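Encoded as structure tokens, the structure appears first; notes follow it.
We did not get these values from a lab; they are worked out from the coordinates using the rules stated. The structure presented is a predicted model; accordingly, all values stated were derived computationally and were not measured. So basically every Cβ, Gly included, is an ideal-geometry build from the backbone, and we count neighbours across all protein chains shown.
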Amino acid sequence: MSAALMSAEVKTVLRDLRFFASEGMQVAIVEATPDGGVSIGIDGDAGKAAAAEHLLRSRYPFPVTCWHFE
């Protein structure tokens, strides 16, 4: 995997997978974004992705975008 794809922000999110599970979120994919943040695909319905984005934006100091992973 390219170092550009495994940014410090991606590593931070991957270390928090237990937190996601405890909040009822199933992370399907985590990707680095050009703005120094992360894009996270959440398995389940679209409402879970929106709720995850709201929660995670307050948790992390970097930009977070969540989307519904199908």
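Nearest 20 debye, what's the magnitude of the dipole of the chain about its Cα centre given +1 on Lys and Arg Cβ and -1 on Asp and Glu Cβ?
It comes to approximately 260 debye.
Do you know the relative contact order of the chain, to the nearest whole percent, from alpha carbon pairs under 8 angstrom that are 6+ apart?
Here the relative contact order equals 28 percent.
Where does the chain land at 222 nm, in deg cm²/dmol rounded to the nearest 500, when only DSSP H runs of n ≥ 4 count, each adding -39500 (n - 2.57), divided by all residues?
-11500 deg cm²/dmol
Output the 0 to 90 degree angle, nearest 10, between the alpha-carbon long axis of helix 46-59 and the longest principal axis computed from the alpha carbons of the chain.
Long axis of 46-59 versus the principal axis of the chain: about 50 degrees.
Dividing the Cα radius of gyration by the Kirkwood radius, what Rg/Rh value follows for the range 8-69?
0.91
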